[in-house]
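I have placed the structure first, in the form of structure tokens, so that the comments after it can refer back to it.
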């Protein structure tokens, strides 16, 4: 059997109606390129679901992981620790001085759940009764039950609506919604005992690449902080220079109490999640009472291979050439946002850091008919782009060169011209 035949026989893919789905067998990756079994190649213009930042099959990443494998591939993380896990924790905390402790997990949804569990138990340990969580409208924080509860209710989680818990929502402080956001928060905190505000700082990813006003975001965080509401920044997507800064939380003066990290944490080569927190939160779990213990963990917590990949990724991020490349991508995306706005079928064009998003004048919602049309068009052009409904976005690995960026821009221009001509 071919790879496709075996896949069809044995594998159930994520976010996929499997009845008629066809998967493209990818057999090799190099830089921004993915190579299929049939010889075709594709630009990975979405960084393989936003995780890959240094390109595929990076030799330095491979070397560092191989060296770690020869030393230690895994050990249970309760009662034991490893040099590579402590190195990673130290290096990250030095880059976010507003955080002091690191808790390991294995993916973004779990990193968020850990943060929320910490926040809930923090007040339990203090014997302070609080029972409300706040999230932004259009939020997406993952697909586990806790993460679904904290996300926008839609077709993705509708089947589980009877089993998730309720949360309060406020408008994200996007441009044009600044007043609504702060007023909605004021109304909630008048009547509720709020545990935490969970938010994606600066940009909502799966919610449609919706960008926030940093001053308005800071005002929202400041108000929450003044009421002793814990701030949980979901930086699973935004971390590691996606927004142009190491962490999107750097855009605000008010900093989070907890952060969730994953995706680009390992350069996109190994699953790893991290939840960070302040000493104030950590210290509330210390004591002689076993009830204060944070009872959470995973078999592969602190996996040395994943930690080695994350340390190697930090090495590459700290190189001057990588920093210059990130700046260049940010500039190109900002320029492109202005250029694409010239098409009358582009309702909104926005960029933040390395992210470009075009909101087309078409049916809205994730299952907009334009989504499939765009996806197929770009695949035929040898480009992997996965639109969010009527929102087309471009989020490349940082190793992408000028010619490769131009290739994607040219294809977007071609699609927009074709789409516009259908009027």
Is at least one residue of the range 183-204 surrounded by fewer than 16 Cβ atoms within 10 Å (Cβ to Cβ), at pLDDT below 95 and not in a helix (DSSP H, G or I)? no
| message | Looking at the structure I just gave you, is residue 103 closer than 30 Å to residue 350 by Cβ and touching a strand residue (DSSP E or B) at 6+ places or on another chain (Cβ under 6 Å)? | response | no
Going through the range 217-247 in order, the residues found to be assigned to a loop (DSSP other than H, G, I, E, B) and buried (at least 24 other Cβ atoms within 10 Å of the Cβ) are 229, 235, 236, 237, 238, 239, 240, 242, 243, 247
Filtering the range 154-166 down to residues that are crowded, with 16+ Cβ neighbours inside 10 Å and either under 23 Å from residue 130 (Cβ atoms) or not assigned by TED's automatic domain parsing to the domain that holds residue 241 (or both) yields 164
query = Has the range 68-75 got any residue that is part of a helix (DSSP H, G or I) and surrounded by 14 or more Cβ atoms within 10 Å (Cβ to Cβ)?
reply = yes
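Which residue is surrounded by the most Cβ atoms within 10 Å (Cβ to Cβ), if the candidates are limited to the range 53-62 and must be part of a helix (DSSP H, G or I) and in contact (Cβ under 8 Å) with a residue 12 or more places away in the chain?
First, pick out the residues of the range 53-62 that are part of a helix (DSSP H, G or I): 59-62.
Next cut, in contact (Cβ under 8 Å) with a residue 12 or more places away in the chain only: 60-61.
Details: 60: 14, 61: 24.
Here the residue is 61.
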Just one listed residue, out of 40, 19, is over 28 Å from residue 109 (Cβ atoms) and not assigned by TED's automatic domain parsing to the domain that holds residue 239, and it is 40
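Here is a yes/no grid of residues against (1) surrounded by fewer than 23 Cβ atoms within 10 Å (Cβ to Cβ); (2) in contact (Cβ under 8 Å) with a residue 40 or more places away in the chain; (3) under 21 Å from residue 122 (Cβ atoms):
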site	(1), (2), (3)
271	yes, yes, no
274	no, yes, yes
323	yes, no, no
332	yes, yes, no
338	yes, no, no
342	yes, no, no
362	yes, no, no
Every listed condition ((1) surrounded by fewer than 21 Cβ atoms within 10 Å (Cβ to Cβ); (2) under 21 Å from residue 138 (Cα atoms); (3) in contact with a strand residue (DSSP E or B) (Cβ under 7 Å, 6 or more places away or on another chain)) holds for residue 214 save (3)
When every residue in the range 141-170 that is assigned to a loop (DSSP other than H, G, I, E, B) and in contact with a strand residue (DSSP E or B) (Cβ under 7 Å, 6 or more places away or on another chain) is compared, the one farthest from residue 352 (Cα to Cα) is 167
How many residues of the range 289-344 are in contact with a strand residue (DSSP E or B) (Cβ under 6 Å, 6 or more places away or on another chain) and within 30 Å of residue 364 (Cα to Cα)? The answer is 6
Selection from the range 4-52 of residues part of a strand (DSSP E or B) and in contact (Cβ under 8 Å) with a residue 40 or more places away in the chain yields 31, 34, 41, 42, 43, 44
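Residues that are modelled with pLDDT under 95, at least 3 per element: which helices (runs of 4 or more DSSP H) completely within the range 287-384 meet that? Explain how you work it out, then say what you get.
Details: elements: 304-317, 320-340, 369-380.
Answer list for the range 287-384: 369-380.
The values are calculated or read from the model by the stated rules, or taken from the named source; none is laboratory data. This structure is a prediction, so every number in the text was calculated from the model and none was measured. Here the Cβ is made from the backbone with ideal geometry for all residues, glycine too, and neighbour counts use every protein chain on show.
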